[in-house]
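Engineer: Below you'll find the structure I mean.
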Amino acid sequence: MIRCEALIVGGGPAGSSCASRLVAAGRDVLVIDKATFPRDKVCAGWITPAVVRALALDLNAYAAEGLTLQPFTGFRTGAVGGALRTTDFGETVSYGIRRCEFDDYLLRRSGARVLGGTPVATLRRERGEWVVNDRIRAEIVVGAGGHFCPVARHLNPPRGRERVVVAQEIEFPVPASGCLVPAATPDLYFWPDLMGYGWCVRKGDHVNIGAGRLDCDDLPATVRAFAADLARRGILPGGVPGKWKGHAYLLNRTTARQLVADGALLVGDAAGLALAPSGEGILAAVESGLLAAEALIEASDRPSADALAPYADMVARRFETRAERLAGVPAVPSWIVGAAAQVLLRSRWLTRRVLLEDWFLHRRRPQLPWRSDNAPLPAAAAD
Ligand SMILES: Cc1cc2nc3c(=O)[nH]c(=O)nc-3n(C[C@H](O)[C@H](O)[C@H](O)COP(=O)(O)OP(=O)(O)OC[C@H]3O[C@@H](n4cnc5c(N)ncnc54)[C@H](O)[C@@H]3O)c2cc1C
């Protein structure tokens, strides 16, 4: 039998952030993951400066390992099939990373013991402890296993269909036929109902193309049409060289998952916290991982559901989870949304101030309380 104080199920950004903080506090942490790291994750690989600050990430050290770090100074935005507008902030406002590198780096940096290539198949409570796969005993289990996390399933028996974002992407080396997206200003293409968008992003010598939509029944057809639009524009003349990879996840506004139980809590996609409307999930994963670690340290050696309840309250405040409050609120008619989308995308000011600064970059969202310095980013962030 393997023993540990805290077993973290999933070594993505949520799990490694939580692990890192717990290890720093002297806890005995084991991260278990069904994949063997380095592993890839279906993702565009775009992170905002808030992620860098929350992780206290030394970008020079990151780049010095030869890992991809593409600064973005702005975006080109428009409607699917419509004209593009460039908004350049004149400074780095985001970064492109590759998840096969980033997640591995964070997990190594956490200092936690890692058990890779091991799916969690069974989970039960026994004499005040968790028993996992009949061979690991832990006082605490943190569900960081993404949307289909086994701990999330254990805490949340099925109760009807959840409103998910479904998304597909493909990442590949810049083809010989070229890619006309400027590396510093990735493309974002919106559907008129504002229920999703497509992207085309350069990250060093790689390109990532994809699209995600809320409540979408036929994403593959939508993605094919989007890729055809890119080819028609001449942005990716050679087309897409391979298979799309897809995944689903929840947004903070519509998640209704229970986050805590005796000796257990959920973080990241397992909790369903990606930020609407951009779908930025890495920031939510990192922040919830750190908040969970603080709650566990605070609860000390008595991590009952009551002692962990402040974590659920912090998450509700920080991520504005409000599924209950939204229930029964009538949807805005589609013609109004369509008209608003046109106004938004055609206005230079609204595109910059609302679409990009508020919805995508969260520029006015406060840092976590203990990361409030807003210190300038390290040198590797410079263009
Ligand atoms: C197409 C697409 C594009 C996206 N683009 C972006 C983006 O550009 N920027 C952004 O911020 N967010 C993006 N997101 C969202 C982002 O990828 C997620 O929100 C983020 O990865 C969540 O991190 P996490 O640590 O909670 O989960 P994950 O990163 O999914 O990590 C979960 C880990 O748990 C492991 N695991 C799962 N099941 C088990 C099991 N049974 N036993 C053991 N281990 C298990 C997995 O192997 C995995 O390593 C995108 C999502 C999609 C689908």
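Engineer: Over all alpha-carbon pairs of region 83-206, lay out the pair-distance distribution in 10 Å bins, whole %, shortest bin first.
Structural biologist: 8, 26, 27, 22, 14, 3, 0
Engineer: Still on this structure: Suppose all protein chains stay in the model; what accessible area per residue would a 1.4 Å probe give for region 227-309, in Å²?
Structural biologist: Numbers: 2840 Å² over 83 residues.
The answer is 34 Å² per residue.
Engineer: Choose one answer from Ile209, Ile140, Ile336: the residue with the largest mean-square fluctuation in a GNM of the chain with alpha-carbon springs under 10 Å.
Structural biologist: Comparing Ile209, Ile140, Ile336 in the GNM, the peak value goes to Ile336.
Engineer: Tell me the angle of helix 13-24 to the major Cα principal axis of the chain, expressed in degrees between 0 and 90 and rounded to the nearest ten.
Structural biologist: That works out to roughly 40 degrees.
Engineer: Quickly estimate the mean residue ellipticity at 222 nm for the chain, helices only: each DSSP H run with n ≥ 4 gives -39500 (n - 2.57), and the total goes over all residues, rounded to 500. Don't jump to the answer; show the numbers that get you there.
Structural biologist: Numbers: 10 runs with 107 residues, N = 383.
About -8500 deg cm²/dmol.
Engineer: Please list the equivalent ellipsoid semi-axes of region 94-157, computed as the square roots of five times the alpha-carbon gyration tensor eigenvalues, in descending order and whole angstrom. Before the final figure, lay out each step's value.
Structural biologist: On the way: eigenvalues 144, 44, 21 Å².
Working from the Cα gyration tensor, I get semi-axes of 27, 15, 10 Å.
Engineer: Still on this structure: On the full set of protein chains, 1.4 Å probe, figure out the accessible area of Thr118 and give it in Å² to the nearest 10.
Structural biologist: Here the residue's solvent-accessible area equals roughly 20 Å².
Engineer: Report, in degrees rounded to the nearest 10, the 0 to 90 angle that the Cα long axis of helix 334-346 makes with the longest principal axis of the chain.
Structural biologist: 70
Engineer: With every protein chain present, what accessible area does Arg253 have (1.4 Å probe, heavy atoms only), rounded to the nearest 10 Å²?
Structural biologist: 80
Engineer: Follow-up. Below 22 Å, Cα to Cα, which lysines can Lys203 reach? Residues fewer than 8 away in the same chain don't count.
Structural biologist: By straight Cα distance, Lys203 reaches Lys41, Lys243, Lys245.
Engineer: Please give the charge dipole size of region 167-277, origin at the Cα centre, charges +1 on K and R Cβ atoms and -1 on D and E Cβ atoms. Round to the nearest 20 debye. Provide the component values of the computation, followed by the final result.
Structural biologist: Values: 10 positive and 11 negative charges, 51 e Å.
For this selection, approximately 240 debye.
Engineer: If you don't mind, another one. Take the chain, connect every pair of alpha-carbon atoms lying under 10 Å apart with a spring to form a Gaussian network, then pick out the residue of Asp262, Asp358, Asp134 with the largest mean-square fluctuation.
Structural biologist: Comparing Asp262, Asp358, Asp134 in the GNM, the peak value goes to Asp134.
Engineer: Name the GluC sites (Glu not before Pro) in region 1-105 that are in a loop by DSSP and that have at most 13 other C-beta atoms within 10 Å, would you? Intermediate results must be reported in sequence, preceding the final value.
Structural biologist: Working: sites: Glu5, Glu65, Glu91, Glu101; in loops: Glu65, Glu91.
Passing sites in region 1-105 are Glu65, Glu91.
Engineer: Sticking with this one: For Arg232, put the label point 7 Å out on the Cα→Cβ axis and report which residues of region 205-225 keep their amide N under 19 Å from it.
Structural biologist: Hits in region 205-225 for Arg232 at 19 Å: 210-212, 219-225.
Engineer: Starting from the Kirkwood Rh over alpha-carbon pairs, what translational D in µm² s⁻¹ does region 176-321 have by Stokes-Einstein at 25 °C and 0.890 mPa s? Present the calculation step by step, with values, prior to reporting the outcome.
Structural biologist: On the way: Rh = 17.5 Å.
Approximately 140 µm²/s, per Stokes-Einstein.
Engineer: Which value, to two decimals, describes the C-alpha radius of gyration of the chain once divided by 2.2 N^0.38 Å? Each step should come with its number before you reach the end.
Structural biologist: On the way: Rg = 20.7 Å, N = 383, 2.2 N^0.38 = 21.1 Å.
Compared with the compact-globule rule of thumb, the chain sits at 0.98.
Engineer: For every other residue with a beta carbon closer than 10 angstrom to the beta carbon of Met1, add +1 if it is Lys or Arg and -1 if Asp or Glu, then tell me the sum. All intermediate terms of the calculation are to be shown ahead of the outcome.
Structural biologist: Working: positive: Arg3, Arg135, Arg137; negative: Asp134.
Taking every Cβ under 10 Å from that of Met1, the sum is +2.
Engineer: Nearest 10 degrees is fine. How inclined is helix 282-299 to the longest principal axis of the chain, computing both from alpha carbons?
Structural biologist: 20
Engineer: If you rank Asp28, Asp104 by how much accessible surface each has, with a 1.4 Å probe, what is the order from largest down? Write out the running numbers ahead of the final one.
Structural biologist: Details: Asp28 60, Asp104 25 Å².
Descending order: Asp28, Asp104.
Engineer: Next question, about the same structure. Could you grab the Rg to Rh ratio for region 1-87? Cα atoms only, Kirkwood for Rh. Working shown, then result.
Structural biologist: Numbers: Rg = 17.9 Å, Rh = 16.3 Å.
My calculation of the ratio gives 1.10.
Engineer: What's the magnitude of the charge dipole for region 104-149 around its Cα centre, counting Lys and Arg as +1 and Asp and Glu as -1 at the beta-carbon? Answer in Debye, nearest 20. Write out the running numbers ahead of the final one.
Structural biologist: Numbers: 8 positive and 5 negative charges, 18 e Å.
Computed about the Cα centre, the dipole is about 80 debye.
Engineer: Further question: How much length is gained if the chain between Arg159 and Arg135 is pulled fully straight, taking 0.36 nm per residue apart and subtracting their Cα-Cα distance, in nm to one decimal?
Structural biologist: On the way: separation 24, 0.36 × 24 = 8.64 nm, distance 3.01 nm.
Contour length minus Cα-Cα distance gives 5.6 nm.
Engineer: Here is a follow-up. Computing the accessible area with a 1.4 Å probe over protein heavy atoms, can you report the carbon and sulfur percentage for the chain? Could you put the intermediate results ahead of the total?
Structural biologist: On the way: 8930 of 16530 Å².
Ligands and nucleic acids excluded, carbon and sulfur give 54 percent.
The values are calculated or read from the model by the stated rules, or taken from the named source; none is laboratory data. Since we're looking at a predicted model, the values are computed, not measured. Note: ideal-geometry Cβ built from the backbone for every residue, glycine included; neighbour counts use all protein chains shown. In case anyone asks, the SASA skips ligands and DNA or RNA and just uses the protein heavy atoms, side chains included. Shrake-Rupley method; radii C 1.70, N 1.55, O 1.52, S 1.80 Å.
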